[in-house]
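Down below is the structure, laid out as structure tokens.
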Amino acid sequence: MNSTVAASAAHLSQFPISSGGTNWQWLYTTVTVVVSLLALEQTVYRYKKQHLPGSAWTIPVIGKFADSLKPTLEGYKAQWASGALSAISVFNIFIVMAATNDYARKILNSPSHAEPCLVHSAKQILLPENWVFLNGKEHVDYRKGLNLLFTRKALAMYMDVQDQITRKHFAEWLSAAKADPSAKEIMMTARNLNMETSLRVFCGYHIPDEATQEISDNYWAITLALELVNFPLALPGTKVYRAIQARKVALKWLSLAAHNSKKAMAAGRVPECMMDQWITVLADPTYKGRKEFSDHEMAMVVFSFLFASQDAMSSGLIYGFQHLADHPDILQKIREEQERIRGNDVDKPITMEMLDQSTYLRAFVKETMRVKPPVTMVPYKATKAFPIADDYTVPAGSMVIPSFYPSLHDPAVYPEPEKLLPERWLDPESTANKRPQNYLVFGSGPHRCIGLEYAMSNMALVLAHAAMTMTWEHEITPESDKVQCVLIPIPIYAWPLALAVLWAVR
Ligand code: HEM
């Protein structure tokens, strides 16, 4: 590299720099600076990478930006296959990818060395004071209070709302299918169901129908703005600007929900939703945590739940529908189990106890997310030099990415890993059950998904109702089995690409 700089300098020195040569001098200086910076970039990259697998040189300035624009699962698989730890660089962000379960868990469980890495736009959208940006003890303490929103008792309370909203959407799906039975993409259909379910579970009926509609209509702008690389200023017309407007709409309604919920609980109304649950917990004299939360703070928390759940849950559900359409034998077993549990009464609302008895359905939910994990990896950032292996230390400031997919497809833990086999979860002696640490669908450590139980129970509820009230077909297209990775900074979701589902009344 140094010889490159020297050669360029020698070459340039042959240009005449005399009278009227100020321009040449400028050119000479500029080129020297640029060439030196490029050489420095390569030196730093190679110094950080050391012996890790990865390109010997990084593409100047942009690195592997082109690959990151259209990430594919195949591309990631190649990266994981290249080594337990491997290196890439995108726009001079040095990235270490961890492929094994041990390394992934080490990153997730080393809060003193690594913390979740959110792109710049995430703070603009979620607001810097949002709890999701806390780390260390502050994060643990805040989260302790929020865990009370996801107790079994609380989850059982939310189930009525989930049941009602799911039935309402299915009725709409079925009447739309009657009017036009052609195959349609399910992505937006599933997103809309999730959005309304989430909003009603979080806010109950403390917000009007128009609020759920308005938040839902605007929310896609937020997903779009969470790309790894974005125009830094939130100027009108940019994606980040549109996302900020969407956040304002959402926070306005969510603050209203907090306000109304406080009033309703003070008036002695029965708690029906997550806001109500939160206020009830805070009012409990035995509760030792922080007691006062403003409407805005409560709205921000609920917004963070929407943000964290919307895409992951939609992806999980879409694959659930796809897998059941592709495996009629599994669908049949779910139906038989549900018929047994409900005594053939399809109108019976699902309860927690019914889900407890739905052993096969729950095994299916676990397995569908193992085969096609909604979150394939979560970027973390090394807050200081992170000695991840005996022979390698992740440099401070680097991105370090624990990958979930390889752990979830490890043939030693999940024999025939590509096969959808709910039965592997029914045998207590199976390697799947003996090695729970490989099941990284919801992460691990202090930032492990707080909504895990809620997410699993909602997926089970939706798919159980679907099995009992509808039939649907998966129209196979050349794209059906491809996975498109939507590179949202945290987490990186794997979306099913071009899925078409045909609805018909059963
Ligand atoms: C199928 C659905 C879901 C999947 C696959 C999923 C997956 C994940 C993953 C992988 C993480 C990062 C964990 C880590 O860094 O170790 C996470 C974090 C999180 N999830 Fe979920 N999630 C889902 C649904 C939900 C739902 C429904 C909620 C809320 C109701 C939620 C709220 C959160 C929050 C708040 C965090 C950040 C927690 C923290 O930083 O302490 N998620 N989720």
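Read-outs throughout are calculated quantities, based only on the coordinates presented, and are distinct from any laboratory measurement. Note that the structure is predicted; figures quoted are calculated from it, not measured. Note: ideal-geometry Cβ built from the backbone for every residue, glycine included; neighbour counts use all protein chains shown.
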So for TRP472, TRP26, fewest C-beta neighbours within 10 Å to most, what's the order?
-> TRP26, TRP472
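Please give the peptides 401-408, 33-40, 148-155, 255-262 ranked by average Cβ packing (other Cβ atoms within 10 Å per residue), highest first, as a rough proxy for protection. Show your work: numbers first, answer last.
Details: 401-408: 25.0, 33-40: 14.0, 148-155: 16.8, 255-262: 21.1.
Descending packing order for the listed peptides: 401-408, 255-262, 148-155, 33-40.
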15 Å beta-carbon shell around LYS49, net charge (K/R +1, D/E -1) = +1
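When the helices in the chain are scored as -39500 (n - 2.57) per DSSP H run of 4 or longer and the sum is shared across all residues, what 222 nm value do you end up with, to the nearest 500 deg cm²/dmol?
-17500 deg cm²/dmol
First measure r as the distance between the Cβ atoms of GLU453 and SER82, then evaluate 1/(1 + (r/R0)^6) with R0 = 35 Å and state the FRET efficiency to the nearest 0.05. Could the numbers behind the result be given before it?
On the way: r = 36 Å, r/R0 = 1.03.
Computed FRET efficiency for GLU453 and SER82 comes out at 0.45.
Given a cut-off of 29 Å, name the pairs among LYS137/LYS419; LYS153/LYS288; LYS77/LYS144; LYS239/LYS482; LYS64/LYS239 whose C-alpha atoms lie farther apart than that in the structure shown.
Details: LYS137/LYS419 41 Å; LYS153/LYS288 19 Å; LYS77/LYS144 36 Å; LYS239/LYS482 27 Å; LYS64/LYS239 23 Å.
In this structure, LYS137/LYS419; LYS77/LYS144 lie more than 29 Å apart at Cα.
Rank by packing, highest mean first: peptides 427-433, 269-275, with packing defined as the count of other Cβ atoms within 10 Å averaged across residues. Could the numbers behind the result be given before it?
Values: 427-433: 13.0, 269-275: 20.4.
Final packing ranking: 269-275, 427-433.
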If you add up the charges near ALA389, with Lys and Arg at +1 and Asp and Glu at -1, over every other residue whose beta carbon is less than 10 angstrom from its beta carbon, what do you get?
-> -2
List every residue whose amide H lies under 5 Å from the amide H of THR72, counting only residues 5 or more places away in sequence or on a different chain, with H placed 1.01 Å from N in the peptide plane.
-> none
Hey, what do the phi angles of the range 77-83 turn into as Karplus ³J(HN,Hα) couplings, whole Hz, using 6.51/-1.76/1.60 and θ = phi - 60°, x for Gly and Pro?
-> 4, 4, 5, 5, 5, 6, x
Neighbours of PRO402 by Cβ distance under 13 Å: Lys/Arg at +1, Asp/Glu at -1, summed charge +2
Phi angles of the range 245-254, converted by Karplus (6.51 cos²θ - 1.76 cosθ + 1.60, θ = phi - 60°) into ³J(HN,Hα) in whole Hz with x for Gly and Pro, give 5, 5, 4, 4, 4, 4, 5, 4, 6, 5
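Using a 10 Å cut-off around each Cβ, can you sort GLU423, GLU129 from fewest to most neighbouring Cβ atoms? Intermediate results must be reported in sequence, preceding the final value.
Values: GLU423 14, GLU129 11.
Going from sparsest to densest Cβ surroundings: GLU129, GLU423.
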Could you check the simple spin-label distance between THR72 and THR30, using points 7 Å along Cα→Cβ, in nm with one decimal?
-> 3.9 nm
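If neighbour count is taken as other Cβ atoms inside 10 Å, put ASP345, ASP295 in order from fewest to most. Mind showing how you got there, number by number?
Working: ASP345 10, ASP295 18.
Starting with the residue having the fewest Cβ neighbours, the order is ASP345, ASP295.
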Pairs of Cα atoms under 8 Å, at least six residues apart: use those to get the relative contact order of the range 50-505, whole percent.
-> 25 percent
For the chain, find the longest principal axis of its Cα atoms and tell me its angle to the long axis of helix 136-147, 0 to 90°, nearest 10.
-> 20 degrees
